[in-house]
Structure formats: structure tokens, C-alpha cells
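Here is the structure we will look at.
Read-outs throughout are calculated quantities, based only on the coordinates presented, and are distinct from any laboratory measurement. It should be emphasised that the depicted structure is a prediction, and the values quoted were computed from it without experimental measurement. Cβ: placed from backbone, ideal geometry, glycine included. Neighbour counts: every protein chain shown.
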Amino acid sequence: MFKRILPSLLIIFAIASWAAAQEPAVTTAPVNKLVEKMDDPKIKGDSAWMMVATAFVMLMVPGLALFYGGMVRRKNVLTTMMQSMVALAVVGVYWVAIGYALAFGEPLIKTPWGSIIGFSPKLVFLAGIQPHDILNGTNIPVYLHMLYQGMFAIITPALISGAIAERVRFKPYCIFLILWVTFVYCPLAHGVWAMDWWSLGAKPGETPVGLLGALGALDFAGGTVVHIAAGFSGLAAILVLPKRLGYPEHAMHPNSMVLTLLGAGILWFGWFGFNGGSGLTGGALATSAFAATQAAAAAAGMSWLLAEWWHRGKPTALGLATGLVAGLVAVTPASGYIYPWGGFIIGLISGVVCYVSVCLKPILKYDDSLDAFGVHGVGGFLGAVLTGFFCYQWNYVSPEVGALGLTAGGGLKQIGIQLFAAVLSAVYAFGISFVLVKVVDAGVGFMATSDEEIEGLDRIEHGETGFDFGLGYEVAAITSPKEPRAAIVPPNGVGRFYVVVEGANNGDLRDAWSEMCKPNANPAPEFKAIYRYVTTVQGNRFQFRGGDQEAMKVNLQKLFENALKRPLRVKIEA
């Protein structure tokens with residue numbers, strides 16, 4: 001039923017979007033202050049910084065893909081990276097079409113405590129907005145604000161994929177992305193960040209209209225909207241969907257810590273735009289958020305590493321990478337409201353707390369594949385609460401909010417507000433995501449089958465491999481012109497064996513083999529017979545996977561005797 005309904009919904013959505021786009025752009029729309037002098041230095045400066053910050057945040061998506069991709073098994077690296085990268089397309093289109101209108105439009109559903117969701121027809125595809133229209137209360141165009149916030153909407157659901165990596169299918173995952181952004185992300189973004197940009201009677205850009213913002217909750221760059229939402233949504237998916245086959249009894253080793261470390265470094269770089277740009281202005285505020293971000297990441301990487309060194313006896317690359325990300329997560333809600341020393345303390349605490357939460361995973365036996373909940377859920381919740389300890393009024397975008405952290409003499413009030421906002425966000429994200437995962441799973445089936453999981457999702461879902469080490473599609477017979485398959489079981493049931501060549505210098509063997517492996521229109525028949533079964537060559541030892549052992553021996557001997565012009569001795573080793 002779901003499959004039949006989906007095309008109709010897409011058609012309706014396309015027609016509605018087309019109709020909205022036919023509205024003429026309104027240059028005097030009340031949602032904007034038309035700026036006639038676009039050479040205003042403030043507009044140029046803030047716009048330049050925000051374009052850079054937007055690019056920084058966009059770079060976090062491939063950084064996340066590398067970070068996650070290195071932590072999974074080799075057979076799933078491409079699928080895992082695709083689950084991050086596809087959000088650039090799927091959520092990117094949705095955000096421009098309607099997501100921005102829902103998250104930052106005029107209040108649509110109101111309560112006595114604040115608005116829950118918004119909507120402005122003129123923001124659908126930005127059909128009613130001109131490129132030179134400036135967002136009230138800022139010095140940046142509405143277009144730029146839409147693009148910057150769109151990067152947040154893209155990377156947030158991609159974080160969830162880390163909780164369910166290596167076991168979910170691509171099609172239901174893409175459907176889940178759209179549903180999650182609609183029912184979880186947009187309401188939370190509106191509830192925390194929506195201001196009175198669209199109201200003429202209020203002081204522009206300084207009065208929160210969303211539910212959590214109106215209650216006085218502080219979230220500078222996404223502790224509740226991004227990390228708590230993604231982490232607790234991931235937890236909901238973990239509890240709904242089955243574990244990976246063999247978890248936790250069997251070790252599942254990462255395929256490349258090189259990728260993970262590189263991804264962590266790119267994430268750290270991009271996070272400066274994530275936090276530094278969230279004030280929507282350059283200058284002292286962006287610099288302060290920069291400094292707090294740097295201090296927290298460094299401190300958390302160090303505290304995680306020391307905790308792991310003391311607990312396990314060795315500091316690991318995975319621990320360093322995960323620790324610094326935990327610090328970046330925790331400082332995100334506080335970054336624009338604290339001094340650098342506050343970021344340092346938040347980083348120290350988050351590194352240890354997130355390390356403990358990840359260590360508890362095997363004991364509690366929930367399968368958080370890449371620690372999305374342990375880092376983003378726990379770290380985001382911790383950072384949201386710690387914001388109430390270390391925030392200072394001088395650093396607020398809206399000083400009249402009147403909130404002060406405990407260290408600034410503000411008492412426990414702000415801590416209580418932060419705790420309430422964190423709990424509310426966690427419960428909302430968990431509850432809605434639990435339902436969405438159930439619906440998608442019932443409609444199209446979220447999980448890969450056992451056979452698909454064993455074979456690896458790269459080949460099953462995408463017909464590709466992340467790394468080609470020689471045993472590719474050319475090795476296997478093609479069972480169907482549309483579905484090539486690599487050989488999973490060696491032909492004739494034969495496993496690995498070695499053929500050892502004696503009577504020749506190892507260097508001569510290596511040079512002769514290298515020459516044979518060069519592109520050649522007419523390779524020797526003996527070479528053609530053995531090449532697809534050779535996996536590695538070490539000195540005079542040739543490792544084979546599959547094929548008839550005696551035939552491999554005879555062909556290899558004849559091949560090298562012809563190449564080296566001398567008799568050789570060849571033997572088989574198991």
C-alpha cells in the first residue's frame with residue numbers, strides 16, 4: 001500500500017511546488033527589509049563570512065562519510081558513506097522546496113508558550129524572495145540564511161545512520177530521511193531558532209517565537225536540534241530494528257582508521273563554521289564561538305585518550321577521533337554563550353562521560369553500530385545542560401533575555417531551563433522517530449536480509465565495492481546481465497592455498513610477474529588460467545583463492561619456466 005501511495009504523494013508535492021513557484025516575486029514583502037545599497041560594509045562582511053561558514057558545514061558531510069566509513073567492515077564502507085552523502089541530494093532538495101518554509105516560516109501552530117511549527121508560502125522554493133532581500137535583524141540575505149540552515153538539516157539525519165549502519169537498506173533509509181526532517185527536524189528547528197523575523201511589530205530578529213526559544217532555552221548551534229535529536233532518534237531506531245548478525249559475540253573490526261582519522265579532522269575543520277556561523281554575523285561573537293569550539297575539541301580528545309589509556313592500557317586512533325568529536329558535540333549548544341575556559345571544561349567532562357557511555361554499550365547489549373547515541377545523544381544532552389552552568393550574558397545575541405549561568409551568578413534557573421529543554425527534545429525525537437521507523441519498516445522493510453548482510457551491502461544495494469583489491473566482478477560468472485555478482489564462495493569449494501616457486505631469485509620472479517601483469521592484448525594462456533585466482537604474492541609464494549590446485553601448479557610452473565628460460569621446482573602448500 002505504501003508503495004502505491006508514495007508516487008501519488010510525490011506528484012502532488014511536485015504540482016504544489018510548481019504552483020507556488022508561479023507566484024511573482026514580491027520585492028516589498030513585509031518579511032524583508034529591502035536593502036538598496038548592497039555595498040554596505042556590514043552586509044558584505046557578514047555575508048562573506050556566512051558563505052564561508054556554509055561551505056565549512058557542507059564539508060562536514062563528506063567528513064562524516066569518511067569518519068563513519070572507516071569504522072565499518074570493508075564490505076559495507078561504500079553503503080555507509082552513501083548514507084551520509086545522499087542527504088546532500090535528498091534533504092538538500094526537500095529543504096529548498098519546503099523544509100525552510102516549515103522551520104523558519106511564520107508561526108502556524110501556536111500555543112500559549114510559543115509556536116510549534118511555521119509556514120510561509122513565499123518561502124517555498126523562495127519564490128517570493130529576491131536575491132537582495134535581507135533577513136530582518138541580520139546583515140545577510142534570506143537566500144544565504146536558507147543555505148546555511150539547510151546544511152544543518154542535511155547533516156543531522158546523516159548522523160542517525162551511524163546508529164544503524166551495516167544493516168539497513170538504502171531505499172527505506174531515503175524515505176526515512178524525508179519523513180524525519182519533516183516531523184522531527186523542522187519542528188525542533190522552529191521551536192529553538194525561529195525568531196520574529198516575519199513580524200513587523202516586534203524588534204526584528206531578537207524575540208524567539210518557537211516553543212523552546214520562548215521558554216528561554218539556549219542552543220547556539222544545535223545541541224537540542226541536531227545532536228540530541230539525532231542521537232535519541234538513533235536510539236529509537238536501534239530499539240526497533242534487530243541487531244547486526246553476530247553482535248555482540250563477534251568482533252566487528254573497522255576497515256580503516258586512516259579514513260576515520262581523516263574524517264574526524266575534516267569534521268573538526270567544518271565545525272568552526274557550524275558553531276562560528278550560528279550567530280549569523282562575523283566579528284567578536286564568531287571569534288568567541290571559534291575559540292570555545294577549539295578548546296572543547298582539544299580537551300575532549302585528550303580526556304577520552306587518557307581515560308582509554310588508563311582503562312584499556314593503550315591509546316587508540318579510534319578513541320582520539322571519537323573523543324574530539326564528543327567535545328565538538330558537547331560544546332555546540334554553548335559555543336556562543338561561553339568563554340574559552342568554559343569550552344575547555346565542557347570538553348574535559350564530555351570526553352570522559354561519552355567514553356563511559358560507549359563502554360556500557362556491550363554490557364547493555366544495544367547495537368549502536370558507530371556510537372551515534374553514545375556520542376551525539378549523550379554528548380548533546382550533556383552539553384545542553386552544561387550550557388546552563390557556563391553561559392554569560394555579555395555574549396548573548398539577545399542580551400535582554402536576562403539569563404545567566406551558575407558560574408556567572410545566575411543560580412540554578414538556567415540549568416533547570418536547559419534540562420527541561422534537553423528532556424523535551426529527547427522525548428520528542430525518540431517518540432516520533434520510533435513511530436517513523438515502525439511505519440517505514442512495515443511499509444517497505446527497513447532491514448537487509450541475513451544473506452544480504454553476510455554478503456555485504458555495498459554489492460547488494462549499489463552493485464559496487466568501496467575498495468577493489470583485485471577480486472572484482474571479473475572473477476565471477478555473471479548470472480544475470482543486470483545483476484553482476486562477485487564470487488563469495490571459491491569455485492569448486494576450494495579455499496586458499498599457496499604455490500611456492502623454487503629455483504629462481506625472488507627479484508627475478510617479481511620482475512617477471514610485474515611484466516606479465518601489464519596490459520597485454522595477447523597474454524599467455526597459462527597466465528589467463530591462473531590470474532583471476534591469485535590474491536597475493538610474497539617473494540616466491542603465490543596465494544590462490546579457488547581453482548584446481550594441480551592445474552594452478554602446472555600453469556604457474558610453465559609460465560615462469562617460459563619467462564625465465566630455466567627449469568623450476570613448484571610445490572603446493574595448504
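Among 325, 445, 354, whose Cα lies farthest out toward the positive end of the dipole of the chain, if unit charges sit on the beta carbon of Lys, Arg (+1) and Asp, Glu (-1)?
About the Cα centre, the residue reaching furthest to the positive side is 445.
Report the full-extension gain for the segment residue 419 to residue 143: residue separation times 0.36 nm, less the Cα-Cα distance, to one decimal in nm.
Working: separation 276, 0.36 × 276 = 99.36 nm, distance 3.36 nm.
Gain on extension, residue 419 to residue 143, equals 96.0 nm.
What is the set of long-range amide H partners of residue 207 at a cut-off below 5 Å, with H atoms built 1.01 Å from backbone N?
196
When DSSP assigns beta bridges and you keep just the ones with both residues in the chain, what percent turn out antiparallel, to the nearest 5?
Details: 24 of 25 bridges.
Beta bridges within the chain, antiparallel portion: roughly 95 percent.
Rounded, prolate or oblate, given the Cα gyration tensor of the range 314-374, with a/c below 1.5 counting as rounded? Each step should come with its number before you reach the end.
Numbers: a/c = 2.53, a/b = 1.91, b/c = 1.32.
Here the range 314-374 falls in the prolate category.
Could you order peptides 159-166, 437-444 by the average number of other Cβ atoms within 10 Å of their residues, highest first? Show your work: numbers first, answer last.
Details: 159-166: 26.9, 437-444: 17.0.
The densest-packed peptide leads the list: 159-166, 437-444.
Which whole-angstrom value gives the distance between the alpha carbon centres of the range 345-366 and the range 525-574?
51
Report, in degrees rounded to the nearest 10, the 0 to 90 angle that the Cα long axis of helix 170-180 makes with the longest principal axis of the chain.
10
How high is the relative contact order of the range 491-573, in percent, with contacts defined as C-alpha pairs under 8 Å that are six or more residues apart? Spell out each step's value before the answer.
Details: 111 pairs, mean separation 40.1, N = 83.
So the answer I get is 48 percent.
Over the chain, what is the relative contact order in percent, taking alpha-carbon pairs closer than 8 angstrom and at least six residues apart? Provide the component values of the computation, followed by the final result.
Numbers: 1133 pairs, mean separation 90.8, N = 574.
That works out to 16 percent.
Note down the Stokes-Einstein diffusion coefficient of the range 491-573 in µm²/s, whole number, using a Kirkwood radius over alpha carbon pairs, 37 °C, and 0.692 mPa s. Write down the numbers at each step before the final one.
Values: Rh = 12.8 Å.
It comes out at roughly 256 µm²/s.
How would you rank 168-181, 143-156, 328-341, 253-266, highest first, on the average number of other Cβ atoms within 10 Å across their residues?
Top of the packing list down: 328-341, 143-156, 168-181, 253-266.
At a 10 Å Cβ-Cβ cut-off, how would you order 464, 308, fewest neighbours first?
Values: 464 13, 308 23.
In increasing order of surrounding Cβ atoms, one gets 464, 308.
If I fit a long axis through the Cα atoms of helix 413-444 and take the longest principal axis of the Cα atoms of the chain, what angle between them do I get, 0 to 90°, rounded to 10?
50
Using alpha carbons only, how many degrees (0 to 90, rounded to 10) separate the axis of helix 284-312 from the longest principal axis of the chain?
Computed tilt is about 40 degrees.
Any chance you could run the full-extension gain for residue 537 through residue 518? It's 0.36 nm times the residue separation minus the Cα-Cα distance, nm to one decimal.
Values: separation 19, 0.36 × 19 = 6.84 nm, distance 1.56 nm.
Between residue 537 and residue 518, full extension yields 5.3 nm more.
With runs of 4+ DSSP H residues as the only contributors, calculate the mean residue ellipticity of the chain at 222 nm using -39,500 (n - 2.57) per run, divided by the residue total and rounded to the nearest 500. Spell out each step's value before the answer.
On the way: 20 runs with 301 residues, N = 574.
That comes out to -17000 deg cm²/dmol.
What are the residues whose amide H is under 5 Å from the amide H of residue 140, where those residues sit 5 or more places off or on another chain and H is modelled from the backbone?
135
Between residue 316 and residue 269, what is the spin-label point distance in nm, taking each point 7 Å from the Cα along the Cα→C-beta axis?
My value for the distance between the label points is 2.6 nm.
Compute the convex hull volume of the Cα atoms of the range 64-161, divide it by the residue count, and report the result per residue in Å³ as a whole number. Can you show the working numbers first?
Details: hull volume 12.0 nm³, N = 98.
Roughly 122 Å³ of hull volume per residue.
With the Cα gyration tensor of the range 137-273 giving a ≥ b ≥ c as the square roots of its eigenvalues, does the rule (a/c under 1.5 for rounded; else a/b larger than b/c for prolate; else oblate) give rounded, prolate or oblate?
Details: a/c = 2.65, a/b = 1.92, b/c = 1.38.
Prolate, because a/c is 1.5 or more and a/b exceeds b/c.
Local charge sum around residue 362 (other residues, Cβ-Cβ under 14 Å, Lys/Arg +1, Asp/Glu -1)? Spell out each step's value before the answer.
On the way: positive: 243, 244, 312, 361, 365; negative: 249, 367, 368, 371.
Taking every Cβ under 14 Å from that of residue 362, the sum is +1.
Go ahead and run the numbers for FRET between residue 171 and residue 359, Cβ-Cβ distance against an R0 of 45 Å, rounding to 0.05.
Details: r = 35 Å, r/R0 = 0.77.
Approximately 0.85, to the nearest 0.05.
If you look at just the Cα atoms of the chain, how large are its Rg and its Dmax in Å?
Looking at the chain, its Cα Rg and Dmax stand at 28.0, 96 Å.
Full extension from residue 40 to residue 444: what is 0.36 nm times the residue separation minus their Cα-Cα distance, to one decimal in nm? Show your work: numbers first, answer last.
Details: separation 404, 0.36 × 404 = 145.44 nm, distance 5.27 nm.
Stretched fully, the residue 40-residue 444 segment lengthens by 140.2 nm.
How do 552-563, 221-232 rank on mean C-beta neighbours within 10 Å, highest first? Numbers along the way, then the final one.
Details: 552-563: 19.6, 221-232: 30.5.
So the peptides 552-563, 221-232, ranked by packing, come out 221-232, 552-563.
With a sphere of radius 14 Å drawn around the Cβ of residue 421, what net charge do the other residues whose Cβ falls strictly inside it have (Lys, Arg +1; Asp, Glu -1)?
Cβ neighbours under 14 Å give a net charge of 0.
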